[in-house]
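Everything below concerns the one structure shown next.
The values are calculated or read from the model by the stated rules, or taken from the named source; none is laboratory data. Computed from a predicted model, the values in this text were never measured in an experiment. Ideal geometry is used to build each Cβ from the backbone, glycine not excepted, and the neighbour counts take in all protein chains shown. Surface accessibility is based on the protein's heavy atoms, side chains included, excluding ligands, DNA and RNA. Shrake-Rupley method; radii C 1.70, N 1.55, O 1.52, S 1.80 Å.
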Amino acid sequence: DILISNDEVVISDNGSDGKFTMKRKKSNRPELIPAPFFVDIPSHVTIIKQLLKEWTDGSERSFLLLGNQGVGKNKIVDRICQIANFEREYIQLHRDSTIGQLTLSPSLEDGRIVWKDSPLVRAVMEGRSLVIDEADKAPLDVVCVLKSLVED
């Protein structure tokens, strides 16, 4: 079961380690907090609880979710962000991704192309969560830059 109040979340599952309680983060940009349609099945609740425990005790600040296409990796991450009140940025990589695209994104404003901070830069500057989708499709140089950021 997942019980959410304005400032706290309590997660209990059938595991042996009992209930888990954490404070929810305050948000300045609630529109960046996902609100997925999600059915809390027991195996997902256990995964979410374990990831949030590792997050709050400081042992992990980055997670790599592996699985076949369509199994719900992004849904689980969106649910974690919703539960913990984490603002989320999102970037999808592909075989033509470049290191430059990790820092700047083109945007069309009033008929002109304007270069703005990328989701990665915004996440770092604002303390938001960053979902990097399809990282396995990115070129090696892009993956190496991301790996060095995660390790620091």
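Using only protein heavy atoms and a 1.4 Å probe, report how much of GLU151 is accessible, in Å² to the nearest 10.
So the heavy atoms of GLU151 present about 120 Å² to solvent.
Aspartates and glutamates within cross-link reach of LYS137: Cα-Cα under 13 Å, excluding same-chain residues under 8 positions apart?
ASP96
May I ask you to list the aspartates and glutamates whose Cα is less than 12 Å away from that of LYS53, ignoring any residue fewer than eight positions away on the same chain?
ASP17
I'd like to check one number: the per residue accessible area of the chain, probe 1.4 Å, reported in Å² as a whole number. Mind dumping the intermediate values first?
On the way: 10060 Å² over 152 residues.
On a per-residue basis, the chain sits at 66 Å².
Out of the total accessible area of the chain (probe 1.4 Å, heavy atoms of protein only), what percent is carbon and sulfur?
Details: 5390 of 10060 Å².
Looking at the chain in its full context, I get 54 percent from C and S.
Of the DSSP beta bridges with both residues in the chain, give the percent that are antiparallel, rounding to the nearest 5. Please report the intermediate quantities before stating the final value.
On the way: 13 of 18 bridges.
Rounded to the nearest five, the antiparallel share is 70 percent.
Is the shape of the range 1-66 rounded, prolate or oblate, going by the alpha carbon gyration tensor and its root eigenvalues a ≥ b ≥ c, with a/c under 1.5 for rounded and a/b larger than b/c for prolate?
Here the range 1-66 falls in the rounded category.
Put one equal scatterer on each alpha carbon of the range 35-79, apply the Debye formula with no solvent term, and list log10 I(q)/I(0) at q = 0.16, 0.28 1/Å to two decimals.
-0.45, -1.17
Taking a 1.4 Å probe, which of CYS144, CYS81 shows the most accessible area, and what order do the others take after it?
The residues order as CYS144, CYS81, largest area first.
How high is the FRET efficiency between ASP7 and ASP136 when r is their beta carbon distance and R₀ equals 41 Å, given to the nearest 0.05?
On the way: r = 37 Å, r/R0 = 0.90.
Once rounded, the FRET efficiency stands at 0.65.
Given R₀ = 30 Å, what would the calculated FRET efficiency be for LYS73 paired with ASN28, taking r from the Cβ atoms and rounding to 0.05?
On the way: r = 27 Å, r/R0 = 0.90.
For R0 = 30 Å, the calculated efficiency reads 0.65.
Could you give the nm distance between label points at GLU126 and LEU108, where each point is 7 Å from its Cα heading toward the beta carbon?
2.3 nm
Residues of the range 95-119 with the amide nitrogen closer than 17 Å to a label point 7 Å from the Cα of SER148, along Cα-to-Cβ, please.
98-104
Normalised by the residues of the chain, what does the relative contact order come to in percent, with Cα pairs under 8 Å and at least six apart?
After rounding, I find 21 percent.
Taking springs between alpha-carbon atoms closer than 10 angstrom, which of ARG122, ARG95, ARG79 fluctuates most in the Gaussian network model of the chain?
ARG95
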